[in-house]
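Once you've had a glance at the structure underneath, I'll fire off some questions.
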Amino acid sequence: MSYTSKLPVWWNAEPPPRKLEIDLSSPGLAVFELEKLLYTGKAIISHADEVWPRLYIGDQMSNVTLVLLRSTVGTCINYNNAIHSAENQADLYKNHITHILNAAHSNRKGQPDIYEGMKITYMGVEAHDSCNYDMSVNFQAAADFIHRGLSRGGKVLVHCHVGVSRSATLVLAYLMLKQNLTLVEAICAVKESRGVIPNR
């Protein structure tokens, strides 16, 4: 099956336009407006979505198979037949995934040895899905990993269990650190294609 990007053509040339102005004169108002922004936009209807050219956010089941099917045929997929795509080597190979950033890495699952011989570069971040976990300790390393993958012409999948918070947080960090987007611009860019609620 061939792949067709669902992103607008202008994304290849310049960052997305700012979608929402936020009054930053009051810290309380800014937080309220940011929270309001996070609860708007698309609902999650697929296991993974392309949120920036060649950059995907997905859930544990995603690892690209389902988003590529959804974006090319636009049809409903029988999720009962979907296997954990991180282990679906044929689909990862077929869809040219070169880098996987697992934001839900643990010693029990998500090990990189399943990618041996596939030319997939793996990075695991053992980020806990908890309001007490400080995600910022992973921002620079994750942004560097994503940037290296995209700079070399690769396709990068960032996933966690649900594909809403930890993976989205790391992608937002990448967009701000490496693409020089503001937080609002980064949120708007991602929410164009996927509903997310990043970790605080």
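The values are calculated or read from the model by the stated rules, or taken from the named source; none is laboratory data. Here the structure is a predicted model, which means the values were calculated and not measured. Neighbour counts run over all protein chains shown; Cβ positions are idealised from the backbone, glycine included.
Let's see how each residue does on (1) buried (at least 18 other Cβ atoms within 10 Å of the Cβ); (2) touching a Phe, Trp or Tyr at 6+ places or on another chain (Cβ under 8 Å); (3) within 30 Å of Asn102 (Cβ to Cβ); (4) at pLDDT below 75:
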| position | (1), (2), (3), (4) |
| --- | --- |
| Trp10 | no, no, no, yes |
| Ala30 | no, no, no, no |
| Gly41 | no, no, yes, no |
| Asp49 | yes, yes, yes, no |
| Tyr56 | yes, no, yes, no |
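May I ask you to list the residues in region 141-178 that are touching a His at 6+ places or on another chain (Cβ under 9 Å) and within 15 Å of Lys191 (Cβ to Cβ)?
Answer for region 141-178, where residues must be touching a His at 6+ places or on another chain (Cβ under 9 Å) and within 15 Å of Lys191 (Cβ to Cβ): Gly163, Ser167.
Quick one: which strands (runs of 3 or more DSSP E) lie wholly within region 96-187 and hold at least 2 residues that are touching a Leu at 6+ places or on another chain (Cβ under 7 Å) and within 16 Å of Val51 (Cβ to Cβ)?
Correct list: 99-102, 156-159.
Next question, about the same structure. Could you list, in sequence order, all residues of region 144-180 that are over 20 Å from Glu126 (Cα atoms), basic (Lys, Arg) and surrounded by 18 or more Cβ atoms within 10 Å (Cβ to Cβ)?
Matches in region 144-180: Lys155 only.
Something else now. So which of His99, His147 is at negative phi and in contact with a strand residue (DSSP E or B) (Cβ under 6 Å, 6 or more places away or on another chain)?
The unique qualifying residue is His99.
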